[in-house]
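Readers should treat all values here as calculations from the given coordinates under stated rules, not as data from a laboratory. These figures come from a predicted structure and were not determined experimentally. Methodologically, a virtual Cβ is constructed for each residue, glycine included, from the backbone with ideal geometry; neighbour enumeration extends over all protein chains shown.
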Amino acid sequence: MQRREFFKKMGSVVAVSAVIPMMSFAEEAKKLVGPNEFSYEKALNIITSGKGATASPKVTLKAPEIAENGAVVPVTVEVESPMTESDYVKTIHIFATKNNNSRCISVHLTPANAKAMFSARIKLGSTQDVVALIEMSDGSFLSAAQSVKVTIGGCG
Amino acid sequence: MKIATKIALSLALLCSLSFGGEQFSMSDADRAMYAEMLENNPADLMVANGERLLADLGGSEALAKYLGMSEDTLPEYIAGFPRYMEKFKMVVGLDQVLQGMMHDAGKKPYKLKSPEMFDMLAFTKSLANDVKINIDVNANKHMKDAYALGQKTFDTKRGGRGLSCLSCHAPAVIGLILRTQPLPDLAVQNSGGTWPAYRMTKSSLTTLQHRFQGCMDNALLKVIPLGSPEMVALEVYVTEKSKGQAIAIPGLKR
Amino acid sequence: MENQSLIKIKPKKYANGEVVNVSFMVMHPMETGMRKDKKTGEIVPAQYINSVKFEYKGKVITTMNVWESLSANPVFTTYMKIDGEGELRVTYTENTGAVSQTSMKITPKG
């Protein structure tokens with residue numbers, strides 16, 4: 001039998017502000033009313049300060065070619081990196097390029113992670129490219145992309 | 001295939017049907033990705049909640065005691081549901097046993113369709129994870145009758161479209177694509193051993209009987225209530241198809 | 001409403017210096033603010049997790065900015081190096097301003 005440790009939420013404790021690094025988009029995002037519309041091109045431009053990113057074999061992006069269901073699409077990103085103080089992956093950004101708000105998640109890592117790998121499930125509104133944009137500790141940007149076909153079923 | 005074409009036509013009335021098997025068939029790599037998701041199934045949260053709810057009743061120890069057995073034999077026993085129980089004088093599902101246990105403990109039982117019951121059922125069935133389904137439809141007259149009723153309920157055409165479960169889950173149509181969804185083979189899917197499962201389209205935990213209700217709803221068949229003799233019989237019939245396959249709760253479904 | 005959450009470490013038994021898989025999962029609707037309620041026809045207000053922070057022995061090891069494109073009942077999986085006994089604490093915030101926390105004890109074997 002499998003016993004799972006169960007941790008209940010402990011309620012509101014700390015005010016989170018200073019501890020979570022403010023997103024580079026925070027100011028941009030504030031200007032938007034209603035849904036967080038934010039194109040991939042715009043995000044890429046802001047994050048890389050217009051430099052753009054280089055597609056790199058060091059970045060592995062795993063997503064299904066055909067999604068069973070657009071509401072739950074598994075995505076895994078792995079980056080080849082020693083994860084030492086002098087050379088590590090600072091941030092893994094994941095984008096759904098055609099979603100209204102293309103930003104899915106930005107994961108800020110530290111050498112304590114020891115391995116530059118992240119996975120989650122995202123929502124895709126339609127067939128589109130999923131992009132992993134990687135910010136390295138030396139300030140360079142790498143990327144990988146994959147197209148995901150979304151078939152939406154309604155019966156059953 | 002003549003029969004398949006005929007059924008396909010009647011389905012076409014209900015949903016648009018395409019035979020683009022190729023277009024929608026997933027690669028092995030894709031399938032592997034989804035299989036990996038089982039490792040971190042969101043339903044683990046619901047199962048953990050079910051564990052807490054059962055713990056409030058004394059946990060698996062109290063359940064074993066209620067059933068008059070040792071905790072060691074509990075998983076094998078759980079793997080044989082639905083089963084006839086003298087205590088209830090009928091064939092019951094595991095959720096009904098949990099209701100009985102709550103009742104005897106002087107607690108108001110959770111409704112069969114409540115999320116609490118879904119969670120607790122999932123945890124309780126997960127106690128039998130890796131155990132092979134050992135339902136015995138020939139154990140006694142009650143089980144034989146339930147199996148027969150289940151088969152009848154499965155095969156009988158009802159509703160506005162004149163469909164039965166068999167219309168969509170018969171060997172002749174399995175694999176055809178109904179609105180991008182291949183019609184599943186319930187035996188291959190191990191339906192008896194993989195529900196309660198997380199349904200990605202609903203973002204929630206669903207039980208086997210509730211999944212049946214989903215199909216009834218979609219096919220315009222009158223929805224049969226959870227825990228009713230027909231519903232339990234249907235679970236007996238479908239679970240028998242998975243006999244010998246291992247229980248793996250919570251499942252993860254489209 | 002109380003959101004249930006869970007931290008899972010794989011493998012279950014780990015030693016000092018080992019790199020383990022850490023998953024944080026939480027029951028949450030991740031409402032985009034664009035979905036209509038089927039019954040009332042009204043737009044369901046946006047409610048989503050917008051940040052997650054992992055702290056191990058009081059030190060921030062991973063932070064995340066999150067948007068509504070993450071699936072409902074999200075699971076966040078990363079890695080970390082086991083570096084002695086201590087608390088692993090996960091704090092998450094929502095766009096509504098709510099802040100929640102979960103923690104577990106890290107006890108390396110051997």
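List of remarks:
- Scanning the stretch A:99-127 for residues that are free of Cβ contacts under 8 Å to residues at least 40 places away in the same chain and within 11 Å of chain C (Cβ to nearest Cβ) gives A:Asn99, A:Cys104, A:Ile105, A:Val107, A:Leu109, A:Thr110, A:Pro111, A:Ala112, A:Asn113, A:Ala114, A:Lys115, A:Ala116.
- Sole residue being without any contact (Cβ under 8 Å) to a residue 12 or more places away in the chain and out of contact with any Lys or Arg (no Cβ under 9 Å at 6 or more places or on another chain), chosen from B:Asp130, B:Asp155: B:Asp155
- Yes/no for C:Asn50 being away from chain B (no Cβ under 14 Å) and either touching a strand residue (DSSP E or B) at 6+ places or on another chain (Cβ under 6 Å) or buried (at least 23 other Cβ atoms within 10 Å of the Cβ) (or both): yes
Okay, residues lined up against (1) closer than 29 Å to B:Lys202 by Cβ; (2) of a type outside the set (D, E, K, R):
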site	(1), (2)
C:Lys13	no, no
C:Val22	yes, yes
C:His28	yes, yes
C:Lys38	yes, no
C:Val44	yes, yes
C:Tyr48	yes, yes
C:Thr63	no, yes
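- Within the stretch B:125-154, the set of residues being within 14 Å of chain A (Cβ to nearest Cβ) and within 14 Å of the chain's Cα centre (by Cα) comprises B:Lys125, B:Ser126.
- The set of residues in the stretch C:24-52 being in contact with a Ser or Thr (Cβ under 9 Å, 6 or more places away or on another chain) and either of a type in the set (Ser, Thr, Tyr) or part of a strand (DSSP E or B) (or both) consists of C:Phe24, C:Met25, C:Val26, C:Thr32, C:Gln47, C:Tyr48, C:Ile49, C:Asn50, C:Ser51, C:Val52.
Conditions (1) buried (at least 23 other Cβ atoms within 10 Å of the Cβ); (2) within 14 Å of chain C (Cβ to nearest Cβ), marked per residue:
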| site | (1), (2) |
| --- | --- |
| B:Ser203 | no, yes |
| B:Thr207 | yes, no |
| B:His210 | no, no |
| B:Cys215 | no, no |
| B:Leu220 | no, no |
| B:Ile224 | no, no |
| B:Ser228 | no, no |
| B:Ala233 | yes, no |
| B:Thr239 | yes, no |
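- Residues located in the stretch C:91-102, provided they are within 7 Å of chain A (Cβ to nearest Cβ) and within 10 Å of the chain's Cα centre (by Cα): C:Thr91, C:Thr93, C:Ser100, C:Gln101, C:Thr102
- The single condition among (1) assigned to a strand (DSSP E or B); (2) surrounded by fewer than 21 Cβ atoms within 10 Å (Cβ to Cβ); (3) over 12 Å from the mean Cα position of the chain (by Cα) that C:Asp83 does not satisfy is (1).
- Qualifying residue in the stretch C:19-33 (condition: without any contact (Cβ under 8 Å) to a residue 40 or more places away in the chain, closer than 20 Å to A:Ile122 by Cα, more than 14 Å from chain B (Cβ to nearest Cβ) and small (Gly, Ala, Ser)): yes
- Answer residue from the stretch C:66-90, given it is among the small types (Gly, Ala, Ser) and more than 7 Å from every other protein chain (Cβ to nearest Cβ) and is farthest from A:Asn36 (Cα to Cα) among those: C:Gly84
- Only one of the listed residues (B:Thr124, B:Thr153) is farther than 19 Å from B:Glu61 by Cα, of a type in the set (Val, Ile, Thr) and assigned to a helix (DSSP H, G or I). That residue is B:Thr153.
- Residues in the stretch A:86-106 that are crowded, with 20+ Cβ neighbours inside 10 Å, of a type in the set (Val, Ile, Thr) and in contact with a helix residue (DSSP H, G or I) (Cβ under 9 Å, 6 or more places away or on another chain): A:Val89, A:Thr91.
- Looking only at the stretch C:53-76, and only at residues there that are part of a strand (DSSP E or B) and surrounded by fewer than 19 Cβ atoms within 10 Å (Cβ to Cβ), the one that is farthest from the chain's Cα centre (by Cα): C:Lys59
- Qualifying residues in the stretch B:63-115 (those that are hydrophobic (A, V, I, L, M, F, W, C) and surrounded by fewer than 16 Cβ atoms within 10 Å (Cβ to Cβ)) - the one farthest from B:Gly150 (Cα to Cα): B:Ala105
- Tally, over the stretch B:80-102, of residues that are under 21 Å from B:Glu116 (Cα atoms) and either aromatic (Phe, Trp, Tyr) or within 14 Å of another protein chain (Cβ to nearest Cβ) (or both): 1
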